[in-house]
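Asks: Structure in structure tokens, see below.
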Amino acid sequence: MERLYYCYDALCGWCYGFSPVITEFARRHREVPVQVVSGGMITGERIGPIGEVAGYIKQAYRVVEDRCGVEFGQPFLRDILEEGSAVFTSVPAAVAMAVFQEQQPERALDYAAVLQRAIYYDGIKPLDHAAYADRAAALGVDRENFLTKMDNPAYLEKAEADFALSQRFGVTGFPTLVYESADGELYALARGYLPLQNLEENWRSLQEAFFGKTTE
């Protein structure tokens, strides 16, 4: 079965900017299911206080706002970025995604968007399990059950399996979209942020070049 793998990271600013694009693209192309893959951008030795990379983020977030039309909220900019002590790690959000996808896989893309807004607009801390559970509950998931599963090592293993899948795809930056055809062939649809128009153009070109399909 064909599908689209959305390799993202909840802490990726460009993924935050890309969120409205992939959401609209998925709405337009409901015939192709989207599987969200947590990429593991900040793991291992990269984990540390956000203050260590604050200088870069203070420059980069303005570029993302200008190019993508999203807004980084004051709770993030003031309470997280300026304050500097919050631990920046991709792991808890990836575990949260693994728990959510098990229960509502068809809404994983919605949850990815919610997670990114929670981090970059609402200013939740990446280690805040309760905040992830609150937002899952808003999408219809049982909050207490969600919290319990976040502490279950089985879901860390699922998150790490996502990291490994992203690596097998050869992903070196986020967001990345990988299309899997009905016969199991993989094609890169996007590497990095793209406006919706460019993503649609890539989609048409892929369908015409490899499958002889004409799309409108």
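The values are calculated or read from the model by the stated rules, or taken from the named source; none is laboratory data. Just so we're clear, the structure is a prediction, and the values are computed from it rather than from any experiment. So basically every Cβ, Gly included, is an ideal-geometry build from the backbone, and we count neighbours across all protein chains shown. For the accessible areas, the whole protein counts, side chains as well, though only heavy atoms, and no ligand, DNA or RNA atoms are used. Shrake-Rupley method; radii C 1.70, N 1.55, O 1.52, S 1.80 Å.
Asks: Residue check: is Leu194 of a type outside the set (Phe, Trp, Tyr), open to solvent by less than 50 Å² (accessible area, probe 1.4 Å) and not in a loop (DSSP other than H, G, I, E, B)? Even if it seems obvious, please write down each step before you answer.
Replies: Details: of a type outside the set (Phe, Trp, Tyr): yes; open to solvent by less than 50 Å² (accessible area, probe 1.4 Å): yes; not in a loop (DSSP other than H, G, I, E, B): no.
No.
Asks: Of everything in the stretch 180-202, what is touching a helix residue (DSSP H, G or I) at 6+ places or on another chain (Cβ under 8 Å) and of a type in the set (A, V, I, L, M, F, W, C)? Give them in sequence order.
Replies: Scanning the stretch 180-202 gives Leu189, Ala190, Leu194, Leu196, Leu199.
Asks: Looking at (1) open to solvent by 20 Å² or more (accessible area, probe 1.4 Å); (2) assigned to a helix (DSSP H, G or I); (3) closer than 15 Å to Asp110 by Cα, find the lone condition where Gln59 falls short.
Replies: The one condition Gln59 does not meet is (3).
Asks: Right, something else. Do you know which residues across the stretch 118-134 are in a helix (DSSP H, G or I) and not hydroxyl-bearing (Ser, Thr, Tyr)? Explain how you work it out, then say what you get.
Replies: Our first condition is that a residue be in a helix (DSSP H, G or I); within the stretch 118-134, this holds for 118-120, 129-134.
Matches in the stretch 118-134: Ala118, Ile119, His129, Ala130, Ala131, Ala133, Asp134.
Asks: Something else about it: Tell me, yes or no, whether the stretch 145-165 has at least one residue that is in contact with a Lys or Arg (Cβ under 7 Å, 6 or more places away or on another chain), in contact (Cβ under 8 Å) with a residue 12 or more places away in the chain, more than 20 Å from Asp110 (Cβ to Cβ) and not in a loop (DSSP other than H, G, I, E, B). Steps first, please.
Replies: Our first condition is that a residue be in contact with a Lys or Arg (Cβ under 7 Å, 6 or more places away or on another chain); within the stretch 145-165, this holds for 155.
Next cut, in contact (Cβ under 8 Å) with a residue 12 or more places away in the chain only: 155.
After this cut, where a residue has to be more than 20 Å from Asp110 (Cβ to Cβ) as well, the list is none.
Looking through the stretch 145-165, none of the residues is in contact with a Lys or Arg (Cβ under 7 Å, 6 or more places away or on another chain), in contact (Cβ under 8 Å) with a residue 12 or more places away in the chain, more than 20 Å from Asp110 (Cβ to Cβ) and not in a loop (DSSP other than H, G, I, E, B).
Asks: Could you check Leu156 against (1) of a type outside the set (Gly, Ala, Ser); (2) under 16 Å from the mean Cα position of the chain (by Cα); (3) over 19 Å from Tyr16 (Cα atoms) and say which number it fails?
Replies: With (1) of a type outside the set (Gly, Ala, Ser); (2) under 16 Å from the mean Cα position of the chain (by Cα); (3) over 19 Å from Tyr16 (Cα atoms) applied to Leu156, the lone miss is (2).
Asks: It is to be established whether one or more residues within the stretch 140-159 are within 21 Å of Ile42 (Cα to Cα), small (Gly, Ala, Ser) and touching a helix residue (DSSP H, G or I) at 6+ places or on another chain (Cβ under 8 Å).
Replies: yes
Asks: Is the stretch 34-48 home to any residue that is over 19 Å from Val95 (Cβ atoms), touching a residue at least 12 places away in the same chain (Cβ under 8 Å) and of a type in the set (Gly, Ala, Ser)?
Replies: No, because not a single residue in the stretch 34-48 is over 19 Å from Val95 (Cβ atoms), touching a residue at least 12 places away in the same chain (Cβ under 8 Å) and of a type in the set (Gly, Ala, Ser).
Asks: Which of the residues spanning the stretch 175-189 are open to solvent by 50 Å² or more (accessible area, probe 1.4 Å) and either among the basic types (Lys, Arg) or within 21 Å of Ala10 (Cα to Cα) (or both)?
Replies: Narrowing the stretch 175-189 to residues open to solvent by 50 Å² or more (accessible area, probe 1.4 Å): 182-183, 185-186, 188.
Of everything in the stretch 175-189, just one residue is open to solvent by 50 Å² or more (accessible area, probe 1.4 Å) and either among the basic types (Lys, Arg) or within 21 Å of Ala10 (Cα to Cα) (or both), namely Ala188.
Asks: Restricting to the stretch 15-56, what's the tally of residues that are at negative phi, surrounded by fewer than 20 Cβ atoms within 10 Å (Cβ to Cβ) and not in a strand (DSSP E or B)?
Replies: 21
Asks: Look through Ala86, Ala130, Ala154, Ala159 and report the one residue that is under 30 Å from Glu31 (Cα atoms) and either surrounded by fewer than 19 Cβ atoms within 10 Å (Cβ to Cβ) or not hydroxyl-bearing (Ser, Thr, Tyr) (or both). Reasoning before the result, please.
Replies: Working: Ala86 fails: under 30 Å from Glu31 (Cα atoms); Ala130 fails: under 30 Å from Glu31 (Cα atoms); Ala154 fails: under 30 Å from Glu31 (Cα atoms).
Exactly one residue qualifies, and that residue is Ala159.
Asks: Scan the stretch 42-62 and give yes if some residue there is at pLDDT 95 or above and in contact with an Asp or Glu (Cβ under 7 Å, 6 or more places away or on another chain), otherwise no.
Replies: There is no residue in the stretch 42-62 that is at pLDDT 95 or above and in contact with an Asp or Glu (Cβ under 7 Å, 6 or more places away or on another chain).
Asks: Test Glu65 against the stated conditions and say whether it is under 16 Å from the mean Cα position of the chain (by Cα), farther than 21 Å from Tyr132 by Cα and either acidic (Asp, Glu) or modelled with pLDDT under 95 (or both).
Replies: On the way: under 16 Å from the mean Cα position of the chain (by Cα): no; farther than 21 Å from Tyr132 by Cα: yes; either acidic (Asp, Glu) or modelled with pLDDT under 95 (or both): yes.
Taking the combined requirement at face value, the residue does not satisfy it.
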